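Encoded as structure tokens, the structure appears first; notes follow it.
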Amino acid sequence: MSSEQTRMFFREAVSRAVREEMTDNPRVFVLGQDVGSFGGSYREFDGLYKLFGPERMRDTPVAEAAAMGIAAGAAASGFHPLVVITYMDFMMIGFDALINYAAKLRYKTAGRLTAPMVVKTTAGAQGQGVAHSQCIEAWLMSVPGLKVVAPSSPADAYGLMKTALRSDGPVVYIDHKRLFPTPGNVPVAEAPVPFGQAFIRREGRDVSLVTHSYMVRVALEAAQMVEAEGISCEVVDLCSLAPLDIATLSASVARTGRLLTLEEGQTTCGVGVEVAARIFERIGPKPWSRIGTLPAPVSSNPVLEAACVPNAGRVAEALRSLAGHPLTTSSFVTQEAS
Amino acid sequence: MIYQLSVPAAVPGVEEIRILEWQGEPGTAFASGDLIVELETHKAVVEVRAGQAGVLRTLLADAGDWLAVGLPLALFSDDADEALPDPALASDELVVEFDVT
């Protein structure tokens, strides 16, 4: 396969994947708020309305439960809908159709029916307050039958969306608002990214820092900060939250001997505890700690938002603590014990 | 006098832009308020307008190129026949205004 790359915005990576899959599979269609002539809330469907028209780029009212229900029903009847829920917080309104119907359909019908739908949504804090900032992917990871993926780069956005649109079961694909401004290189050749595969973004010897989505950038920044102090931090990007790539995660922690998990969601019943438990089931317990957003709703007040959400300084402090180096003074940290 | 036009930090959070279209070529004279170049971010187009009169001398990046915020886009001078520095760098920034749409 050619290794040639082309640079593009995050939204362009998404629209390319959707365009290619819609071209290849006439049963794929998109529904959601502003996905038609407007081109998507983040312009991630720019140009597709012109190509595929109103039948396959369907605008819906502000009615997430209905959109999710229509998608689940269409998926069960042989279509491959991509339903767009602009903010992940509003997926809650559509959980019944997604969780009780789409995710369970395969089990309820002894495999005779499946619901190959994709929910595309956006997580994360960016000045929009308590009901537009949440990261609830950990809730979704616990649903049998549901696949959950979250890219951290345009290349993975492209590749994961392609795989999602070929998957035979419901998939929740999660973008992050703060990732959109950053362009990235994407393979020129078609390059689906398989589910269930984590990626080592930075190699290290002392601590494995496991994270996903926008927090990969925060993790890399923190790893850079502690490098000068002699702490070698490996950064592992989950990409796929369900299924988890326990082999890659376990191998990394077996090598480094320590684990720090980082997520923008809550730590209680979070992605990190699941990652840690699954790794330790395989290789035995290791020193670890976890970082997430502080246990409060994320405010639209920028000072409070920044105080809640993990930043590189907080992650670096946890890395120092875990690596056995002395703590230096830093901002508001309530580092949880292992 | 020689001036440098750099990528303005027009949209919060944006570290890199793509050049959409130049509205002139080396030799083009711009009056204050004239559109010089359109830059593309993930969701907006930034129209960069001259905040002072000047002559476009050298393009340092072409349409379709990606450039980080703060990096030089072009050189301008007060007069069309002023000698350009070598290497092509200027200490003074061209005064610009920009609209984000």
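Bear in mind that the values in this text are calculations on the coordinates, not laboratory data. From a predicted model like this one, the values you see are computed outputs, not experimental measurements. Cβ sites come from the backbone with ideal geometry, for glycine too, and all protein chains shown count toward neighbours.
The overall shape of the range A:9-187, judged from the alpha-carbon gyration tensor, is rounded, with an a/c ratio under 1.5.
Shown here for the range A:205-241: GluC sites (Glu not before Pro) in loop regions (DSSP other than H, G, I, E, B) with at most 11 other Cβ atoms within 10 Å, of which there are none.
Each of A:V235, A:L259, A:C308 was scored by the projection of its Cα onto the charge dipole of the range A:199-321, and the greatest displacement toward the positive side belongs to A:L259; charges sit on the C-beta of Lys, Arg, Asp and Glu.
Over the protein assembly as shown, the hull volume per residue, using the convex hull of the C-alpha atoms, is 170 Å³.
From largest to smallest, the equivalent ellipsoid semi-axes obtained for the range B:1-90 from the alpha-carbon gyration tensor read 22, 14, 11 Å.
With Cα atoms as the point set, the radius of gyration and Dmax of the range A:67-146 evaluate to 13.3, 45 Å. The helix-only estimate of mean residue ellipticity at 222 nm for the protein assembly as shown, built from DSSP H runs of length n ≥ 4 each weighted as -39500 (n - 2.57), is -7500 deg cm²/dmol after division by the residue total.
Relative to the current alpha-carbon distance between A:A277 and A:Q128, full extension at 0.36 nm per residue lengthens the span by 50.4 nm.
By DSSP, the beta bridges lying fully in chain A are antiparallel in about 20 percent of cases.
Ranked for footprinting exposure by Cβ neighbours inside 10 Å, fewest first, A:E64, B:E15 give B:E15, A:E64. Our summary gives chain B a relative contact order of 39 percent, counting only alpha carbon pairs under 8 angstrom and 6 or more residues apart.
Fewest-first ordering of A:M8, A:M225 by other beta carbons within 10 Å of each residue's beta carbon gives A:M225, A:M8. Where both bridge residues fall in the range A:199-321, DSSP classifies roughly 20% of the beta bridges as antiparallel. How many angstrom lie between the C-alpha centres of the range A:102-131 and the range A:255-294? Comparing the Cα centres of the range A:102-131 and the range A:255-294, I get a distance of 24 Å.
Computed over chain A, relative contact order equals 16 percent, with contacts defined as Cα pairs under 8 Å that lie 6+ residues apart.
Its Cα centre serving as origin, the protein assembly as shown has a Cβ charge dipole (Lys and Arg +1, Asp and Glu -1) of approximately 2600 debye. Considering only beta bridges that DSSP places wholly inside the range B:2-100, some 95 percent are antiparallel.
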